[in-house]
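Rule-based calculations on the coordinates, nothing more; no lab input. These numbers come from a predicted model, not from an experiment. Methodologically, a virtual Cβ is constructed for each residue, glycine included, from the backbone with ideal geometry; neighbour enumeration extends over all protein chains shown.
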Amino acid sequence: MEILNPKKEIMQVVRFILFFAIFPIVINSCYGQNTLSGNFIYKSPTVMVNDIGVEYSFDDDGTFNRTKLLHLGSKELSKGLYTISKDTLILQFEPYGKMDTIKDVTILGKNKLQSLPIFDNSNNCLIKIYVKDVNGVPLKGTNLLLKDLDNKTLIALVSDESGEFPELNMQSPIFQKLILSTIEHKEIEIYTEPFFGYSSSIEVKLKPIDIIHKNMSIEKRFLIQERTKNKIKLIQLPNKEKIILTRQPSD
């Protein structure tokens, strides 16, 4: 007959409980060392202007976004994937694809003009235009120019507070293109030929001139010297430039 040792049984139970209590902590710690999360900023000690620097936004899924802050509020954007291998941070930059860029012109509706068979609507068109910025905010005061084949302005209109223009009723292909422009945004040209014979409504989004999407496929490596919750000390390889990323206060 086996004699049970109560103390031995208690110790086995304690070990069992400790194992399942500590194991998730160890796993999470190892996982955390291989991922980054949050928004960080780097400011070169050689640059005296406060609003110039580089911002990094890291996600747990292994992606990052980089924003280079330039003069006069301009921004250069880039993105990619990151990995942490032992003591090395690897940034693999990727070019922006078509899905990453905001579509300039969106056709909200396009219906064929209805008329009696004896009338030809192929030289007529109705166009309703709404203009917004990249965040979907209506742009008041945007200029709309209707131009002919020789680039002469035939009609000029201005958008209202809702970013709307009066409906265009063009009855001749003399109107070759539409040009939308406003300060601090990139100009957009829209050719009218595809809209003749239809009643259309379109939404136009104007992009700011101070945002540049940097398309590059390169890899950058950094040696991790020190890593805390609010600061990451790096040495860029191979030029050995020292970089300190500081977590953003609002993060």
Note, ³J(HN,Hα) from phi for region 166-171, Karplus 6.51, -1.76, 1.60, rounded to Hz, x at Gly and Pro: x, 4, 7, 10, 9, 10
Summed side-chain charge close to Leu81 - residues other than Leu81 whose Cβ falls under 13 Å, Lys, Arg +1, Asp, Glu -1: -2
Net charge over other residues, Cβ less than 10 angstrom from the Cβ of Thr63 (K, R count +1; D, E count -1): -3
Net length gained if the chain between His213 and His71 were fully extended (0.36 nm per residue, minus Cα distance): 49.5 nm
Point-to-point label distance, Ile183-Leu237, nm (Cα→Cβ direction, 7 Å offset): 5.0 nm
From phi via Karplus (6.51, -1.76, 1.60), per-residue ³J(HN,Hα) for region 143-156 in Hz, x at Gly/Pro: 8, 10, 10, 9, 10, 9, 5, 8, 6, 8, 7, 9, 9, 10
Cα shape, region 180-251, gyration tensor, a/c 1.5 rule: prolate
Residues with amide H under 5 Å from that of Lys186, placed H, sequence gap 5 or more: Lys207, Ile209
Mean Cα-pair separation over length for region 105-206, i.e. relative contact order, pairs under 8 Å, 6 or more apart, %: 42 percent
Under 5 Å, built H, 5+ apart or other chain: amide partners of Thr142: Ser159
Interchain or long-range residues, amide H under 5 Å from Lys75's placed H: Leu70, Ile211, Ile212
Cut-off 15 Å between beta-carbons: net charge of the residues surrounding Lys147, Lys and Arg +1, Asp and Glu -1: -3
Karplus-derived HN-Hα couplings along region 235-250 (A = 6.51, B = -1.76, C = 1.60, θ = phi - 60°), whole Hz, x at Gly and Pro: 10, 6, 9, x, 7, 6, 6, 7, 10, 10, 8, 10, 5, 5, x, 7
